[in-house]
Amino acid sequence: MRGILFVFLSLNLSFCADFITPKEYAKMLYENPRGISCKKCHGAKGDGQILGYYTHKDKKKAYEIPNIQNLSFERFKEALTKEQDVKSIMPTYSLTNDEIITLYNYIKQVSKEK
């Protein structure tokens, strides 16, 4: 009887070790959804940052990436699925609806963490 229990527990643990948690999956999506990281532009918690500087009419200006922590789900989804105009640097991702929901929830979660 102990032998059967040992084999069952061993098999159970070996199968469980291969899966990642929902939070780990969400973090992976945020850091590298399709080869282009959200984190690189929007920051570790989606709070935005300055991506670079440029000169326009002899004035130095910052190219700011927006904070995405407070977006509604509809606006968040639109930004990820809508074809961007020529001036936008936002890449187009081929994310499923479940992946978009996972990303949105991840950003909401990490924005609340200190």
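Values quoted throughout were computed directly from the atomic coordinates according to the rules given, and no laboratory measurement underlies them. Small disclaimer: the values here were computed from a predicted structure and weren't measured. Please note: Cβ atoms are built from the backbone with ideal geometry, for glycine as well, and neighbour counts cover all protein chains shown.
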Inset, instruction - Check cross-link reach from K45 to the aspartates and glutamates: straight Cα distance under 14 Å, and skip same-chain residues fewer than eight apart. - result: E31, E113
Legend entry - Whole-percent pair-distance distribution, where bins are 5 Å wide, for the alpha carbons of region 27-73: 5, 21, 20, 21, 14, 9, 6, 2, 0
Legend entry - Candidate aspartates and glutamates - alpha carbon under 14 Å from K112, same-chain residues fewer than 8 apart omitted: D47
Legend entry - Environment charge of P33, counting only residues whose C-beta is closer than 12 Å and scoring Lys/Arg +1, Asp/Glu -1: +2
Legend entry - Anchor K61: lysines whose Cα lies under 17 Å away (excluding residues fewer than 8 positions away in-chain): K87
Legend entry - Under the Karplus curve 6.51 cos²θ - 1.76 cosθ + 1.60, θ = phi - 60°, whole-Hz ³J(HN,Hα) for region 46-52, x wherever Gly or Pro sits: x, 8, x, 5, 8, 7, x
